[in-house]
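Here, each number is a calculation from the coordinates, and none is a lab measurement. Here the structure is a predicted model, which is why all the values come from computation and not from measurement. A quick note on method: Cβ atoms are made from the backbone with ideal geometry, for glycine too, and the neighbour counts reach across all protein chains shown.
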Ligand SMILES: [Fe+2]
Ligand SMILES: [Fe+2]
């Protein structure tokens, strides 16, 4: 597995690790600013590689915010290690995730939860939080960065394969096929409500957690795929068929 870091736009970097076992990349994003921010930490075991990639741009001990978009291994499995390394860093998540998960896992200090519409100033960049419950997990949120008109959508808009930092191709069919295969969304409906909201945001960049960053021109293909194709759980978890009881 190889971890690379690439500048995408205006101080936003993609850190990507190609993971052949899952046939996707696992990405984190660094926003280099007065208050440097890491979005997604990667898993506990990938900490060293991700830390090394960040160190090409800045000292990881200077991170001020570590943001998780839902509570899951690849989202925030490395948070303890990054927080220990950066004593001034605060863990940022949705109000629900911080109230329930962070506190429940014993993280009481240096944590902050955000509700829909609240903002966080990083210096030149500003994060605005969108609560997106049940888009994968019930504590899910997404983040808009206002200066670059960027969206950090976590697992929405993923593309399989070892994608370059910026993707212009229409991989909407492949995206929906992955969702059916791995079973990360319980139902289409809450996802489509969020997709409609996103389509109205006038975004220039969508920084997918798996795959590359989508451009403004590429995004409509993915929006259209999610509006027209099935992609919710149909009895498959990570490609394995799950026994389902017969309907009564
Ligand atoms: Fe996830
Ligand atoms: Fe993910």
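Can you tell me how many residues in the stretch 145-159 are part of a loop (DSSP other than H, G, I, E, B) and within 13 Å of ligand 1 (Cβ to nearest atom)? Counting residues in the stretch 145-159 that are part of a loop (DSSP other than H, G, I, E, B) and within 13 Å of ligand 1 (Cβ to nearest atom) gives 6. Could you tell me which residue of the stretch 72-120 is nearest to the chain's Cα centre (by Cα), considering only residues that are more than 19 Å from residue 207 (Cβ to Cβ) and part of a strand (DSSP E or B)? Top of the filtered list is 91. With respect to the conditions (1) assigned to a strand (DSSP E or B); (2) over 14 Å from residue 208 (Cβ atoms), residue 46 lacks only one, and its number is (1).
Residues are listed down the side, and each one gets a yes or a no for (1) within 15 Å of the chain's Cα centre (by Cα); (2) over 17 Å from residue 26 (Cα atoms); (3) part of a strand (DSSP E or B):
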| residue | (1), (2), (3) |
| --- | --- |
| 124 | no, yes, no |
| 128 | yes, yes, yes |
| 139 | yes, yes, no |
| 143 | yes, yes, yes |
| 161 | no, no, no |
| 184 | yes, no, no |
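Among the residues making up the stretch 188-232, those that are under 26 Å from residue 22 (Cβ atoms), in a loop (DSSP other than H, G, I, E, B) and out of contact with any strand residue (DSSP E or B) (no Cβ under 7 Å at 6 or more places or on another chain) are 229, 230, 231, 232. Report every pair of residues separated by at least 6 positions or lying on different chains whose Cβ atoms are under 6 Å apart, first residue within the stretch 53-75 and over 24 Å from residue 119 (Cβ atoms), second within 16 Å of ligand 1 (Cβ to nearest atom) and in a loop (DSSP other than H, G, I, E, B). Qualifying pairs under 6 Å: 73/43; 74/43.
Just need a number here: residues in the stretch 37-52 that are more than 12 Å from ligand 2 (Cβ to nearest atom) and closer than 18 Å to residue 114 by Cβ.
Of the stretch 37-52, the ones more than 12 Å from ligand 2 (Cβ to nearest atom) are 37-38, 44-52.
After this cut, where a residue has to be closer than 18 Å to residue 114 by Cβ as well, the list is 37-38.
Qualifying residue count, the stretch 37-52: 2.
Filtering 84, 89 for residues that are crowded, with 23+ Cβ neighbours inside 10 Å and more than 13 Å from ligand 1 (Cβ to nearest atom) leaves a single hit, 89.
Counting just the residues of the stretch 56-70 that are under 20 Å from residue 151 (Cβ atoms) and touching a helix residue (DSSP H, G or I) at 6+ places or on another chain (Cβ under 8 Å), which one comes out farthest from ligand 2 (Cβ to nearest atom)?
First, the residues of the stretch 56-70 that are under 20 Å from residue 151 (Cβ atoms): 65-70.
Now narrow it down to the ones that are touching a helix residue (DSSP H, G or I) at 6+ places or on another chain (Cβ under 8 Å): 66, 68-70.
Numbers: 66: 16, 68: 11, 69: 9, 70: 8 Å.
Here the residue is 66.
Could you please find all residues in the stretch 163-182 being part of a loop (DSSP other than H, G, I, E, B) and either within 14 Å of ligand 1 (Cβ to nearest atom) or closer than 27 Å to residue 31 by Cβ (or both)? Result: 163, 164, 165, 168, 169, 171. The number of residues in the stretch 9-43 that are surrounded by 17 or more Cβ atoms within 10 Å (Cβ to Cβ) and assigned to a loop (DSSP other than H, G, I, E, B) comes to 9.
Within the stretch 122-146, the set of residues being touching a residue at least 40 places away in the same chain (Cβ under 8 Å), over 24 Å from residue 233 (Cα atoms) and touching a strand residue (DSSP E or B) at 6+ places or on another chain (Cβ under 8 Å) comprises 122, 125, 127, 143, 144, 145.
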